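Peer 1: Here it is, the structure, as structure tokens.
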Amino acid sequence: MSEWTADGIPDQHGRVAVVTGANSGLGLVTATELAHRGAHVVLAVRDTTAGTKAARQIGGDTEVRELDLASLDSVHAFAAKLTTDHPVIDVLVNNAGAVLLGPRRTTTDGFELHLGTNMLGPFALTGLLLDNLSAAREPRVVSLSSITHKNAHLDFDDLMFERDYRAPAAYGRSKLATTVFGIELDRRLRAAGSPIVSALAHPGLTRTNLTPRAWEHRGRFGRLIASSGLLLTQPVEQGALPQLRAATQPGVRGGQFFGPASLWETRGRVTEVRPSAEAADPAVGSRLWAAAEELTGVRTLRPADSSPA
């Protein structure tokens, strides 16, 4: 097909979109494009002052709500209020993420911070919003992956990286977990006969505030990426296109994964890409889902009844 751009986003009037981490970077671009095409966009942000500033910048039909994905209490409080105020949610873009350097840190619930923020928080949020999404006409959930997931491995004996902690490896592992989650969510939604489409996207190498931190400790090539900025990375407007396509293009199928087409998926036009073999493994998906249920207490789309809890 011809190159997909933001001009391909269909009219969004009458649709409610929730975008996590919408106050900057990829989330800000995603929220802006959706709002400019008529969607009511919920900016789900940790810093509501920054969120309010972003909402003024975006214009359109937006609202700002506090959400800290590193706190299950915050996730539950956000979801409880949102489900009451918006019985129908059309799009959930799990965009927000954390990239850290330095020593190991944990969430308020004791999870390794990358895994807790990038996968376990979105897992809980998605599960809590499934009923509202199911009520929509063409509902979507978009999970934001990274090319770093392809070199990662899930150690189920040490999911929280308590042994031999390395921040870049923990980030890659969390993005592998995110990718596994998005694919397993699709499997379970299909089994349940749900109308919700679970799609995935990754931005390649994009100029956001997270890019240097994600790459500067990944060897010589990573340090080159982190220091080169403009040379090797693409604009954030281009990097947001895969998740916008996953969220809005008519006919997107469950499990589809979008990313850049060029230079080993680091930049360029949007195309369908492949996850790693581990990310696509149903056994890994089932095991991670069970672990996430146990860790978060959010149990949904269980194989025994294939229905939201």
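The values are calculated or read from the model by the stated rules, or taken from the named source; none is laboratory data. Nothing here was measured: the structure is a model prediction, and the numbers come from that model. Note that we place each Cβ from the backbone using ideal geometry, even for glycine, and neighbour counts take in every protein chain shown.
Peer 1: If residue 88 passes every condition in (1) more than 14 Å from residue 46 (Cβ to Cβ); (2) among the aliphatic types (A, V, I, L, M); (3) within 19 Å of the chain's Cα centre (by Cα) but one, which one does it miss?
Peer 2: Every listed condition holds for residue 88 apart from (3).
Peer 1: Any residue in the stretch 85-113 that is farther than 23 Å from residue 30 by Cα sitting within a Cβ distance under 6 Å of a residue that is basic (Lys, Arg) and assigned to a loop (DSSP other than H, G, I, E, B)? List the pairs, counting only those 6 or more apart or interchain.
Peer 2: 113/105
Peer 1: Then there is this: Of the residues that make up the stretch 239-258, is at least one farther than 30 Å from residue 88 by Cβ and either assigned to a helix (DSSP H, G or I) or at pLDDT 65 or above (or both)? Lay out the reasoning, then the answer.
Peer 2: Within the stretch 239-258, the first condition is being farther than 30 Å from residue 88 by Cβ, and the residues that meet it are none.
No, because not a single residue in the stretch 239-258 is farther than 30 Å from residue 88 by Cβ and either assigned to a helix (DSSP H, G or I) or at pLDDT 65 or above (or both).
Peer 1: Okay, next question. Is it the case that the stretch 117-130 has a residue that's assigned to a strand (DSSP E or B), at negative phi and crowded, with 17+ Cβ neighbours inside 10 Å?
Peer 2: Of the stretch 117-130, the ones assigned to a strand (DSSP E or B) are none.
Among the residues of the stretch 117-130, not one is assigned to a strand (DSSP E or B), at negative phi and crowded, with 17+ Cβ neighbours inside 10 Å, which makes the answer no.
Peer 1: Still on this structure, I have one more. With the condition kept exactly as written, say whether any residue in the stretch 262-273 is closer than 16 Å to residue 27 by Cα, surrounded by fewer than 16 Cβ atoms within 10 Å (Cβ to Cβ), modelled with pLDDT under 95 and not polar (S, T, N, Q). Give the derivation first.
Peer 2: Of the residues in the stretch 262-273, the ones closer than 16 Å to residue 27 by Cα are none.
There is no residue in the stretch 262-273 that is closer than 16 Å to residue 27 by Cα, surrounded by fewer than 16 Cβ atoms within 10 Å (Cβ to Cβ), modelled with pLDDT under 95 and not polar (S, T, N, Q).
Peer 1: Can you find even one residue in the stretch 12-32 that is in contact (Cβ under 8 Å) with a residue 60 or more places away in the chain and among the charged types (D, E, K, R)?
Peer 2: Yes, the stretch 12-32 has at least one match.
Peer 1: Shifting gears a bit: Can you find even one residue in the stretch 184-200 that is at pLDDT below 95 and surrounded by 24 or more Cβ atoms within 10 Å (Cβ to Cβ)? Reasoning before the result, please.
Peer 2: Applying the first criterion (at pLDDT below 95) to the stretch 184-200 yields none.
Within the stretch 184-200, none of the residues are at pLDDT below 95 and surrounded by 24 or more Cβ atoms within 10 Å (Cβ to Cβ).
Peer 1: A follow-up question, please. How many residues are of a type in the set (Val, Ile, Thr), farther than 17 Å from residue 6 by Cα and in contact (Cβ under 8 Å) with a residue 12 or more places away in the chain if we restrict to the stretch 34-57?
Peer 2: Within the stretch 34-57, the subset of a type in the set (Val, Ile, Thr) is 41-42, 45, 48-49, 52.
Add one more test, that the residue is farther than 17 Å from residue 6 by Cα, and what stays is 42, 45, 48-49, 52.
Among the residues that remain, those that are also in contact (Cβ under 8 Å) with a residue 12 or more places away in the chain are: 42, 45, 48, 52.
Residues flagged as of a type in the set (Val, Ile, Thr), farther than 17 Å from residue 6 by Cα and in contact (Cβ under 8 Å) with a residue 12 or more places away in the chain within the stretch 34-57 amount to 4.
Peer 1: Only one of 107, 32, 62 is of a type in the set (S, T, N, Q) and closer than 19 Å to residue 132 by Cα; which? Show your work before the answer.
Peer 2: Values: 107 fails: closer than 19 Å to residue 132 by Cα; 32 fails: closer than 19 Å to residue 132 by Cα.
62 is the lone residue from the list that is of a type in the set (S, T, N, Q) and closer than 19 Å to residue 132 by Cα.
Peer 1: Determine if the stretch 73-82 includes at least one residue that is crowded, with 24+ Cβ neighbours inside 10 Å and either farther than 19 Å from residue 146 by Cβ or of a type in the set (Gly, Ala, Ser) (or both).
Peer 2: Quick first cut of the stretch 73-82, residues crowded, with 24+ Cβ neighbours inside 10 Å only: 75.
When the remaining residues are screened for being either farther than 19 Å from residue 146 by Cβ or of a type in the set (Gly, Ala, Ser) (or both), the result is 75.
Yes, the stretch 73-82 has at least one match.
Peer 1: Within the stretch 49-107, how many residues are of a type outside the set (A, V, I, L, M, F, W, C) and closer than 19 Å to residue 117 by Cα?
Peer 2: So the first thing to find is which residues in the stretch 49-107 are of a type outside the set (A, V, I, L, M, F, W, C), and the list is 49, 51-53, 56-57, 59-63, 65-66, 68, 71, 73-74, 76, 81, 83-87, 90, 94-95, 97, 102-107.
When the remaining residues are screened for being closer than 19 Å to residue 117 by Cα, the result is 51, 65-66, 68, 71, 73-74, 76, 94-95, 97, 102-107.
Of the residues in the stretch 49-107, 17 are of a type outside the set (A, V, I, L, M, F, W, C) and closer than 19 Å to residue 117 by Cα.
Peer 1: Would you confirm, using the coordinates I've provided, whether residue 306 is surrounded by fewer than 16 Cβ atoms within 10 Å (Cβ to Cβ), under 29 Å from residue 34 (Cβ atoms), at pLDDT below 95 and small (Gly, Ala, Ser)?
Peer 2: Working: surrounded by fewer than 16 Cβ atoms within 10 Å (Cβ to Cβ): yes; under 29 Å from residue 34 (Cβ atoms): no; at pLDDT below 95: yes; small (Gly, Ala, Ser): yes.
No; evaluated as a whole, the condition is false for this residue.
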